[in-house]
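I have placed the structure first, in the form of structure tokens, so that the comments after it can refer back to it.
Coordinate-derived values only; no laboratory data. Predicted model only: the values in this text are computed from it and were never measured. Cβ coordinates were reconstructed from backbone atoms using ideal geometry, including for glycine residues, and neighbour counts include every protein chain displayed.
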Amino acid sequence: MTLDRPRPLRILQFGAGHFLRTFIDWMVDRMRPAFDGTVGLVKATPGPFNPVFAEQDNVYTTVLRGRAGGAVVHEQRRIRVIAARYHPYEDFPGFLAAAGNPELRVIVSNTTEAGIVMNASDRAEDRPAASFPGKLTQLLRARYLALGGTPASALLVLPCELIERNGQTLRGFVLQHARRWFQDPAFERWIAEDCTFVDTLVDRIVSGYDPEARRQLLAETGFDDALLSVGEPYHLLAIQGAEREDLLPFRASGLNVVWTDDITPYRLLKVRILNGGHTFLAMVGTALGVDTVRACLHHPALRPALEALYDHEILPALPLPAAEGVAYARTILDRFDNPFLEHRLNSITLNSVSKWRARLLPSAVASTAQRGAAPALIAFSLAALVERYTTVAGLQDEAPVLAAFHGLKPLAAADPVQAVRAVLADPVIWGGPLPVIPGFPEAVAESFQDIRALGMAAALARAVARSGGRAEPAAAATRPSSRKE
């Protein structure tokens, strides 16, 4: 299994997980022949590449299942766009050498919400720097030196992490590293003025690996694909910045990509409704023994809780026309209930702390300001997170976060109220101080006490009752979005 003919490597991709392979790499495959290029994968974290990449010559299948335009969609697509793999931890010189490729045009990343951080302990001589911004700075420095820092050698940097102003935040951290490490104004100018960092919003539900889909693919095609990845047909990529269809002919290839001067409306809808709903269900549903997002929609307590979260706490506080939020929430309930997609809650729980901060904290701030009271269900979601992180072993998150929660386990058992206060006040857990939200610490502590005293199901029922409020139900909305694209 090889590429049908040699093509230049034009994209370096930090992250080899299911999302980027079922979103960006799927798009690259769809852009052919208008886009004559391939992708190089960069390992963003320690540990070996999945050996199946080598075994399958980087070839894999995406399976998209769901409803679109009133019809059932089941698309199988063989993806042959990955041409190389780079492992900075195992071959640092090889990683830097990739930067000198004059055909390279684009950097793509998805290092989760916890990936775009400023690590002051990173050093230029690290092999590699620990953080993603540090590695990217090392890569850009190698390119600058190899190609002379010309405008033609500049790159388009397209991060897919779900944090606000992801491109500009990443650019700021790279410039900080560049100033500290190299003290080279010309290099800093090349990064700041010639390279382009864009803010983005990505939208596609990707459930990832599905053994049943693998068995079906083997029976139909004879390809036993251990890299297979499953997602929904819907996709949206919103990019804030000047259109660069000359580099990435997305729209010319029929893809749902928007180049815009403001991605704020797209981001607010997607992050607060879809991602906020995912994180709420992941924290609460796993504690109730529910395995998948779709099962949550058929659970007697979880669906009413999710609808109350949307109707009473998230939608009324969105700074957008009410019809837009209500209509989008209705589509999300349909997408969550996709009968062709088994999206496991455990796959959503990776790095839950940074996800909660990015996805639910803004709604907590906005809802409190709008209602004059702390939102009970958002507070409950944080209480469920604290319960999970102080009772469940083997969680996947940043080491300092896990260590901080481990140290709070005795306090959580002895004094739940003080434990909640300690969690909210710990900048190590949150990557910095949290905003002050009147009444919110008390609401979280109340829910945490309920969870400890009554159990998750009864505590959830109390939180739904406390949520209250009046709003147009998302499930009953029929009005279309008013946005013009």
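With just the Cα atoms defining each centre, how far is the stretch 191-220 from the stretch 83-141? Give it in Å.
Comparing the Cα centres of the stretch 191-220 and the stretch 83-141, I get a distance of 20 Å.
Could you tell me whether the stretch 9-260 comes out rounded, prolate or oblate from its Cα gyration tensor? Rule is a ≥ b ≥ c as square roots of the eigenvalues, rounded for a/c under 1.5, then prolate if a/b exceeds b/c, otherwise oblate.
prolate
Enumerate the amide H contacts of residue 158 below 5 Å, restricted to partners 5 or more residues apart or on another chain; note that Pro and chain-start residues carry no placed amide H.
When sequence neighbours closer than 5 places are left aside, the close amide H contacts are 107, 108, 109.
If you average 1/r across every pair of different Cα atoms in the stretch 139-244 and take the reciprocal, what Kirkwood value do you get, in Å?
16.8
Pulled fully out, how much extra length does the chain show between residue 393 and residue 461, if you take 0.36 nm times their separation in residues and subtract their Cα-Cα distance?
Fully extending the segment from residue 393 to residue 461 adds 21.9 nm.
Would you grab the residues whose amide H sits under 5 Å from the one on residue 231? Only those 5+ places off in sequence or on another chain, please, with H modelled 1.01 Å from N.
63, 64, 65, 207
Report the label-to-label distance for residue 334 and residue 130 in nanometres (one decimal), using points 7 Å from each Cα along the Cα→Cβ vector.
For the pair residue 334/residue 130, the computed spacing is 4.6 nm.
Counting other beta carbons within 10 Å of each residue's own, what order do 283, 456 fall into, fewest first?
Ascending Cβ contact count within 10 Å gives the list 456, 283.
How high is the relative contact order of the chain, given as a whole-number percent (alpha carbon pairs under 8 Å, six or more residues apart)?
Here the relative contact order equals 13 percent.
Order of 76-87, 61-72 by packing, highest average Cβ count within 10 Å first?
On the way: 76-87: 19.1, 61-72: 15.5.
Listed from highest to lowest mean packing, they are 76-87, 61-72.
Set Lys and Arg Cβ to +1 and Asp and Glu Cβ to -1, take the dipole of the chain about its Cα centre, and tell me which of 106, 136, 360 lies farthest positive.
Farthest along the dipole direction, towards plus: 360.
Dipole of the stretch 92-172, Cα-centred, from +1 at each Lys and Arg C-beta and -1 at each Asp and Glu C-beta, to the nearest 20 debye?
220
Got the relative contact order for the stretch 25-93 handy, in percent, Cα pairs under 8 Å and 6 or more residues apart? If you can, show how the numbers build up before the last one.
Numbers: 80 pairs, mean separation 28.8, N = 69.
It comes to 42 percent, rounded to a whole number.
Under unit Cβ charges (Lys, Arg +1; Asp, Glu -1), what dipole magnitude, rounded to 20 debye, does the chain have relative to its Cα centre?
Rounded to the nearest 20 debye, it is 300 debye.
Determine the calculated [θ] at 222 nm for the chain from helices alone, applying -39500 (n - 2.57) to every DSSP H run no shorter than 4 residues and normalising by the residue count; nearest 500 deg cm²/dmol.
My calculation for the chain gives -13000 deg cm²/dmol from helical runs alone.
With a sphere of radius 13 Å drawn around the Cβ of residue 404, what net charge do the other residues whose Cβ falls strictly inside it have (Lys, Arg +1; Asp, Glu -1)? Please report the intermediate quantities before stating the final value.
Details: positive: 409; negative: 397, 398, 426.
With Lys, Arg at +1 and Asp, Glu at -1, the net is -2.
Between residue 260 and residue 54, what is the label-to-label distance in nm when each label sits 7 Å out along the Cα-to-Cβ direction?
4.4
What is the set of long-range amide H partners of residue 73 at a cut-off below 5 Å, with H atoms built 1.01 Å from backbone N?
66, 67, 68
Along Cα→Cβ, 7 Å out, is where each label goes; now give me the distance between the ones at residue 72 and residue 413 in nm to one decimal.
Simple spin-label model gives 5.1 nm for this pair.
Using the Karplus curve 6.51 cos²θ - 1.76 cosθ + 1.60 with θ = phi - 60°, what ³J(HN,Hα) values do you get for each residue of the stretch 169-184, in whole Hz, with x for Gly and Pro?
5, 4, 4, x, 5, 4, 5, 4, 4, 4, 5, 5, 8, 10, 6, 10
Could you check what % of the DSSP bridge pairs in the chain are antiparallel, to the nearest 5?
Values: 17 of 43 bridges.
So the antiparallel bridges in the chain amount to around 40 percent.
Which ³J(HN,Hα) values, rounded to whole Hz and listed in residue order, are derived for the stretch 335-340 from phi using the Karplus coefficients 6.51, -1.76 and 1.60 in 6.51 cos²θ - 1.76 cosθ + 1.60 with θ = phi - 60°, glycine and proline given as x?
5, 5, 8, 4, x, 9
Could you run the Karplus curve 6.51 cos²θ - 1.76 cosθ + 1.60 with θ = phi - 60° over the stretch 322-327 and give me ³J(HN,Hα) per residue in whole Hz, x for Gly and Pro?
4, 4, 5, x, 5, 5
Hey, what angle do you get for helix 416-425 against the long axis of the chain, alpha-carbon based, 0 to 90 degrees rounded to 10?
The angle comes out at about 30 degrees.
Mean projection of the alpha-carbon convex hull of the stretch 184-290 over all orientations, in nm²?
One quarter of the hull surface, i.e. the mean projection, equals 11.5 nm².
Sort 43, 409, 135 so that the residue with the fewest other Cβ atoms within 10 Å of its own Cβ comes first and the one with the most comes last.
On the way: 43 22, 409 13, 135 26.
Going from least to most buried by this count: 409, 43, 135.
Is there a quick way to get the dipole size of the stretch 9-260? I mean about its Cα centre, with the Cβ of Lys and Arg at +1 and of Asp and Glu at -1; what is the value in debye to the nearest 20?
The calculation lands at about 140 debye.
Using Cα-Cα distances under 8 Å and only pairs 6 or more residues apart, what relative contact order does the stretch 9-260 have, in percent? Numbers along the way, then the final one.
Values: 469 pairs, mean separation 54.1, N = 252.
Dividing the mean separation by the residue count of the stretch 9-260 yields 21 percent.
Report, for the stretch 9-260, the % of DSSP beta bridges that are antiparallel, rounded to 5. All intermediate terms of the calculation are to be shown ahead of the outcome.
Working: 16 of 42 bridges.
For the stretch 9-260, the DSSP antiparallel bridge percentage is about 40.
Report the one residue of 22, 252, 391 whose Cα lies farthest in the direction of the positive end of the charge dipole of the chain (charges on C-beta: Lys and Arg +1, Asp and Glu -1; origin at the Cα centre).
252
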